[in-house]
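One structure below.
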Amino acid sequence: MSYLANIFESRGLVPREKIAELQAQADERGLDVIEVMLATRVLDEATITRTLADEAGIPFVATLNAETIPGIIVEQVPINFARQHGLLPTSFDGEGHLVVAVSNPFETTALDELRALFKVPTRAVAATLESINDAINRVYERKDETALADTDKASDGDELQDLIDMTDEAPVIRWVNNLFYSAVRDRASDIHIEPTDNEVVVRYRIDGNLFPKKTAHRGFLPSIVARVKIEAGLNIAEKRLPQDGRITKKIAGKLIDVRVSTVPTAKGERIVMRLLDKQQVQLNLADLGFAKDNLRGMEAVISRPNGIVLVTGPTGSGKTTTLYACLNKINTPDLNILTVEDPVEYELRGVGQVQVAPKIGLTFASGLRAFLRQDPDVIMVGEIRDHETAEIAIHASLTGHLVLSTLHTNDAAGAITRMLDMGIQPFLIASSLQAVLAQRLVRCLCRHCRVAYTPSVADLRSLEIEGDAASMTFFRPQGCDECSGTGYRGRVGIHEYLPIDEAVRREILKSADSGTIQRVAQSRGMTLLREDGTRKVLAGVTSVEEVLAATQAGEVE
């Protein structure tokens with residue numbers, strides 16, 4: 001048994017039998033026992049590092065402040081060296097020693113190299129590898145932003161010959177790589193790289209809102225665009241036409257799928273990258289913010305053997321995530337589930353997923369038609385866009401298949417009038433449609449800094465709440481380090497669930513307008529989007545402003 005393994009056994013943190021098992025796994029796989037302990041989650045990283053620090057007789061540092069690390073250190077230590085050895089020099093102490101944060105206190109070779117490089121004694125402190133890597137990225141990000149803001153180093157031309165010779169040490173490559181790292185760190189869903197007259201502006205979409213994050217000098221635009229194109233497998237010489245590509249990144253142990261889109265503008269090529277964390281998608285309906293009555297309704301309707309279930313809302317309202325959660329709920333070995341999507345965002349185990357390719361004739365309609373010969377039980381169509389797709393979906397539902405799909409409408413009742421507008425006969429809609437779910441996403445108030453207040457009469461009136469304002473407590477955003485000063489962290493759905501019962505079917509057969517259908521559904525107990533949002537305001541989940549902003553478009557006059 002290794003010395004490191006004995007440390008944890010002797011301190012009573014891991015039983016002898018478990019340590020022997022871990023050591024055997026480490027020997028078999030050619031790994032360090034610490035790596036196996038982390039992979040199997042026997043102990044968390046902080047506990048492991050703190051224990052090793054105590055054994056080595058050095059202090060443990062819980063967090064590293066990248067802002068206080070001197071620039072001279074960054075200039076002299078290559079980023080690859082810091083990452084390879086899991087360490088980062090952080091400061092000079094009062095005695096002139098170089099203070100180095102290390103993830104493994106017993107690895108001293110790299111400390112000797114730093115001592116020779118700086119020609120001063122070193123003093124080690126312990127920190128988790130996660131906090132060291134985060135500090136490395138922040139420190140070198142600051143250095144690269146300074147380099148890319150330097151007008152003397154920027155070129156106003158489109159010369160790209162130096163790009164081929166770039167190594168991982170090149171500031172542009174590190175700057176682009178750091179876009180992905182910091183986007184994942186900040187929970188961004190999209191990265192926008194936008195050229196202006198004098199600079200390149202980077203904005204992140206976080207919880208649905210865009211926030212400016214970085215800038216670079218305008219002269220670096222060709223190199224930045226070329227670097228992204230190379231990673232996405234695009235043509236770096238083609239600057240006049242839009243291009244689409246994909247990048248797969250592994251960041252902090254997470255597999256991130258990046259969809260890249262470039263378009264030419266008057267000021268240069270503009271890039272938008274959508275980040276999809278395949279491990280973070282919520283595939284449990286109960287986690288999507290459903291009220292109990294709406295959740296019961298959705299779970300019941302997706303358990304039926306046939307019919308159409310539609311999810312509606314604008315782009316970015318979480319429709320696809322809801323459909324994935326529905327499929328995950330009913331996904332069992334005895335069901336044949338097929339999907340046709342544009343694009344396939346997340347891979348579902350045991351589900352046959354097809355991505356549309358209009359250039360070769362593979363559309364939603366042709367894919368759906370082919371599925372009917374594949375003996376499916378459940379079919380998911382990414383979106384019903386036209387009469388042909390709607391007609392095939394209805395035919396599939398009437399011949400014993402459950403069909404899940406989306407429509408772009410403002411409310412649940414609007415889905416019915418949209419299908420009528422597509423030329424679908426009312427009797428076909430009435431006989432096939434089982435339910436419509438309209439949804440929006442609202443930002444959740446940060447639990448660390450939200451501020452309670454007594455609502456005003458105007459607040460109650462805007463949400464159509466009756467009662468005494470003095471007896472109620474609402475919350476508003478404030479901003480803290482946990483939410484990056486926005487006051488919000490994460491998003492949750494608000495929903496409007498419309499079951500197609502006999503009363504609604506009668507209105508559909510009359511080709512009634514959406515307002516009439518909505519009023520009938522309300523009389524039968526349907527909760528509107530704003531009413532569901534009000535529930536979440538009263539529960540302290542979100543703010544009045546978020547609900548009003550998300551639901552104004554869905555109001556029926």
* What number of residues within region 376-420 are within 21 Å of Q355 (Cβ to Cβ), in a loop (DSSP other than H, G, I, E, B) and either at pLDDT below 95 or open to solvent by less than 10 Å² (accessible area, probe 1.4 Å) (or both)? -> 7
* Among the candidates F81, F8, which residue alone is within 35 Å of the chain's Cα centre (by Cα), outside any loop (DSSP other than H, G, I, E, B) and over 14 Å from S131 (Cβ atoms)? -> F81
* Among the residues of region 323-354, how many are modelled with pLDDT of 90 or more, aliphatic (A, V, I, L, M) and closer than 21 Å to R373 by Cβ? -> 7
* What do you reckon, is I394 farther than 27 Å from I494 by Cβ and either without any contact (Cβ under 8 Å) to a residue 12 or more places away in the chain or not charged (D, E, K, R) (or both)? -> yes
* To do: Just name the residue that is nearest to A415 (Cα to Cα) out of those in region 488-519 that are open to solvent by 20 Å² or more (accessible area, probe 1.4 Å) and polar (S, T, N, Q).
  => S514
* Has region 205-222 got any residue that is under 30 Å from R443 (Cα atoms), modelled with pLDDT of 90 or more, open to solvent by less than 50 Å² (accessible area, probe 1.4 Å) and among the aromatic types (F, W, Y)? -> no
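Residue by residue through region 512-533, note down the ones that are among the aliphatic types (A, V, I, L, M), in a helix (DSSP H, G or I) and over 35 Å from the mean Cα position of the chain (by Cα).
Those that are among the aliphatic types (A, V, I, L, M), in a helix (DSSP H, G or I) and over 35 Å from the mean Cα position of the chain (by Cα): I517, V520.
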* To do: Mind listing whichever residues of region 85-94 are in contact (Cβ under 8 Å) with a residue 24 or more places away in the chain and either within 30 Å of the chain's Cα centre (by Cα) or open to solvent by 40 Å² or more (accessible area, probe 1.4 Å) (or both)?
  => H85, G86, L87, L88, F92
* To do: Could you run through region 338-358 and say how many residues are more than 22 Å from M273 (Cβ to Cβ) and either among the acidic types (D, E) or crowded, with 21+ Cβ neighbours inside 10 Å (or both)?
  => 3
* Matching residues, region 421-439, being open to solvent by 10 Å² or more (accessible area, probe 1.4 Å), touching a residue at least 60 places away in the same chain (Cβ under 8 Å) and outside any helix (DSSP H, G or I) -> Q434
* **Residues of region 40-72 that turn out to be exposed (fewer than 13 other Cβ atoms within 10 Å of the Cβ) and assigned to a helix (DSSP H, G or I), as a count** => 4
* Asked: Here are some conditions: (1) among the aliphatic types (A, V, I, L, M); (2) within 20 Å of the chain's Cα centre (by Cα); (3) in a strand (DSSP E or B). L283 meets all but one. Which one does it not meet?
  -> (3)
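Restricting attention to region 8-33, and to residues there that are among the basic types (K, R) and farther than 17 Å from D44 by Cβ, which single residue is modelled with the lowest pLDDT?
The selected residue is R29.
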* Being under 24 Å from L327 (Cβ atoms), aromatic (F, W, Y) and in contact (Cβ under 8 Å) with a residue 40 or more places away in the chain, is that true of even one residue in region 482-495? -> no
* On the given criteria, is E194 open to solvent by 20 Å² or more (accessible area, probe 1.4 Å) and in contact with a helix residue (DSSP H, G or I) (Cβ under 8 Å, 6 or more places away or on another chain)? -> no
* Out of curiosity, is T527 under 13 Å from A412 (Cβ atoms), in contact with a strand residue (DSSP E or B) (Cβ under 7 Å, 6 or more places away or on another chain) and either among the β-branched types (V, I, T) or exposed (fewer than 15 other Cβ atoms within 10 Å of the Cβ) (or both)? -> yes
* Selection from region 3-36 of residues that are free of Cβ contacts under 8 Å to residues at least 40 places away in the same chain, in contact with a helix residue (DSSP H, G or I) (Cβ under 6 Å, 6 or more places away or on another chain) and open to solvent by less than 70 Å² (accessible area, probe 1.4 Å) -> A5, E9, V14, I19, L22, Q23, Q25, A26, V33, V36
* Structure fact -> Taking region 73-82 and the residues there that are closer than 18 Å to T122 by Cα and open to solvent by 40 Å² or more (accessible area, probe 1.4 Å), the one that is modelled with the lowest pLDDT would be E75
* Selected residue [among the acidic types (D, E) and under 27 Å from A357 (Cα atoms)] from E341, E299 -> E341
* To do: Would you point out the residue of region 226-259, among those that are open to solvent by less than 30 Å² (accessible area, probe 1.4 Å) and among the β-branched types (V, I, T), that is farthest from S189 (Cα to Cα)?
  => V228
* Structure fact -> Expected single match for in a strand (DSSP E or B), of a type in the set (V, I, T) and open to solvent by 20 Å² or more (accessible area, probe 1.4 Å) among V201, V184 is V201
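So which of G361, G297, G307 ends up being among the small types (G, A, S), open to solvent by 10 Å² or more (accessible area, probe 1.4 Å), in contact (Cβ under 8 Å) with a residue 40 or more places away in the chain and within 26 Å of M419 (Cα to Cα)?
Checking each option against the conditions leaves just G297.
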* State the number of residues belonging to region 468-477 that are open to solvent by 70 Å² or more (accessible area, probe 1.4 Å) and either among the charged types (D, E, K, R) or under 21 Å from Y204 (Cβ atoms) (or both). => 2
* Quick check: anything in region 120-129 open to solvent by 70 Å² or more (accessible area, probe 1.4 Å) and touching a strand residue (DSSP E or B) at 6+ places or on another chain (Cβ under 8 Å)? -> yes
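The values are calculated or read from the model by the stated rules, or taken from the named source; none is laboratory data. The shown structure was predicted, so the numbers you read here are calculated from the model rather than taken from an experiment. Every residue, glycine as well, gets a Cβ built from its backbone with ideal geometry; the counts of neighbours run over all protein chains shown. Areas reflect the complete protein model, heavy atoms only, side chains present, ligands, DNA and RNA absent. Shrake-Rupley method; radii C 1.70, N 1.55, O 1.52, S 1.80 Å.
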